[in-house]
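Notes follow once the structure below has been shown.
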Amino acid sequence: MCEVGTRPPPAAERGEPPGGAAAPAERCRDMGEQPIFTTRAHVFQIDPSTKKNWVPASKQAVTVSYFYDSTRNSYRIISVDGAKVIINSTITPNMTFTKTSQKFGQWADSRANTVFGLGFPSEQQLTKFAEKFQEVKEAAKLARDRSQEKIETSSNHSQESGRETPSSTRASSVNGTDDEKASHGGPAETHLKSENDKLKIALAQSSSNVKKWETELQTLRESNARLTTALQESAASIEHWKKQFSACKEENDQLRSKIEELEEQCNEINKEKERNAQLSRRLQELETELQDKELELEELRKQGEIIPQLMSECESVSQQLQDAENKNKDLEEKVRTLRTEVEESKHRQTNLKTELKNFLDVLDGKIDELHDFRQGLSKLGVDN
């Protein structure tokens with residue numbers, strides 16, 4: 001039977017070239033176990049403290065295989081991550097594989113006192129693994145029933161032999177003579193012989209099984225010895241790798257410190273570059289402002305050249321403005337005079353209108369008098 005959970009023997013003892021390593025499946029085949037189904041999945045175990053949360057047993061998807069041990073007629077699920085065994089579960093008839101989601105399933109192992117969980121890449125792989133689990137479970141149940149039948153048969157044979165032997169002894173003591181034994185105990189003796197033959201066969205099988213178990217025990221002892229040697233070599237290798245790891249760690253720390261120093265220098269250089277870029281931008285801005293100021297100065301110079309002409313024009317315009325103001329004052333004075341004259345003319349016109357009305361009234365009176373006088377004259381002429 002394959003010893004899972006220990007490191008393999010050294011390459012030299014396995015007959016492999018130095019530096020090679022046989023896979024766990026190969027070791028199991030060498031010891032009598034054969035893989036009957038293999039897949040890949042992420043392995044989890046239930047948290048022993050909370051019994052609720054899942055703890056990853058592998059960092060990535062690993063090989064998970066069903067193994068059949070022909071010598072013991074047993075089935076196991078085995079998975080190895082590098083040199084570490086993460087699943088070693090013997091299938092029993094009372095185990096149950098449960099699908100908890102489309103890609104995840106679990107089963108409880110009371111011997112290992114844990115619950116294993118497998119995460120598959122697809123639902124089809126989960127279904128195949130569950131079907132194989134059911135097949136293996138039924139096969140384990142059948143193997144257990146056969147084993148119990150063999151034990152019960154062997155036990156019944158032993159009990160029958162124990163019951164028949166005292167009766168034959170009592171028969172011999174009662175009958176007292178060999179002739180009487182032959183005449184009265186013939187069928188019982190034949191039955192006892194057949195039972196003894198069966199017991200001899202069972203004993204021979206038991207002896208064969210004992211030898212086989214002794215051979216297997218010796219093989220296991222040799223395997224354990226090789227594994228012990230391999231463990232010692234592994235321990236020495238671990239110490240060697242620990243020293244190398246410490247040296248690498250120190251070198252890594254030194255490189256990290258150098259990297260940090262270089263990063264600081266790079267940061268300073270970047271800051272200087274940024275300051276230089278800011279100064280360059282400021283210099284360009286100042287140059288642009290200087291050009292603008294030079295243009296303004298040139299404009300002012302041009303304007304300064306025409307200032308005297310503008311001054312003379314301004315004086316001429318001022319004189320003209322003064323003359324216009326004087327003329328305006330004269331015109332205002334004339335306007336006031338004209339207004340006064342207009343007011344006086346209006347007053348005179350009003351007086352004239354009044355006098356004309358009075359005259360017209362007087363004239364109307366005189367006309368009436370002349371009319372009357374004419375009428376009088378006309379009357380006088382008629383009378384004459």
Quick one: length gained pulling Glu299 to Lys379 fully straight, 0.36 nm per residue minus the C-alpha distance?
17.9 nm
Violating pairs (Cα-Cα greater than 22 angstrom) within the set Lys150/Lys211; Lys137/Lys211; Lys51/Lys141; Lys150/Lys198; Lys357/Lys379:
Lys137/Lys211; Lys51/Lys141; Lys357/Lys379
Tabulate in residue order the Karplus-calculated ³J(HN,Hα) for segment 299-313, using 6.51 cos²θ - 1.76 cosθ + 1.60 with θ = phi - 60°, rounded to whole Hz; enter x for Gly and Pro.
4, 5, 4, 4, 5, x, 5, 9, 5, x, 4, 5, 5, 5, 4
Give, in nm to one decimal, the length gained when the segment between Arg221 and Lys327 is fully stretched (0.36 nm per residue of separation minus the Cα-Cα distance).
23.8 nm
Segment 253-384, accessible surface, carbon-and-sulfur percent (1.4 angstrom probe):
55
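Express the carbon and sulfur contribution to the solvent-accessible surface of segment 82-125 as a percent, rounded to the nearest whole number, probe 1.4 angstrom.
Looking at segment 82-125 in its full context, I get 46 percent from C and S.
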With a 1.4 Å probe and all protein chains kept in place, how much accessible area does Arg221 have, in Å² rounded to the nearest 10?
140
Cα coordinate range in segment 232-277, projected on the principal axes (Å, largest first)
65, 10, 5
Lysines near Lys293 by alpha-carbon distance under 29 Å, same-chain residues fewer than 8 away left out - which ones?
Lys302
Using the per-residue mean of other Cβ atoms lying within 10 Å as a proxy for protection, in what order, highest first, do the peptides 375-381, 86-92 fall?
86-92, 375-381
Alpha-carbon centroid distance for the pair segment 68-133 / segment 314-342, whole angstrom
123
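The values are calculated or read from the model by the stated rules, or taken from the named source; none is laboratory data. Note that the coordinates shown come from a computational prediction; the quantities given were computed from them, not determined experimentally. Reconstructed Cβ throughout: ideal geometry from the backbone, glycine too, with neighbour counts over all protein chains shown. Side chains are part of the model used for accessible areas, which takes the heavy atoms of the whole protein and leaves out ligands, DNA and RNA. Shrake-Rupley method; radii C 1.70, N 1.55, O 1.52, S 1.80 Å.
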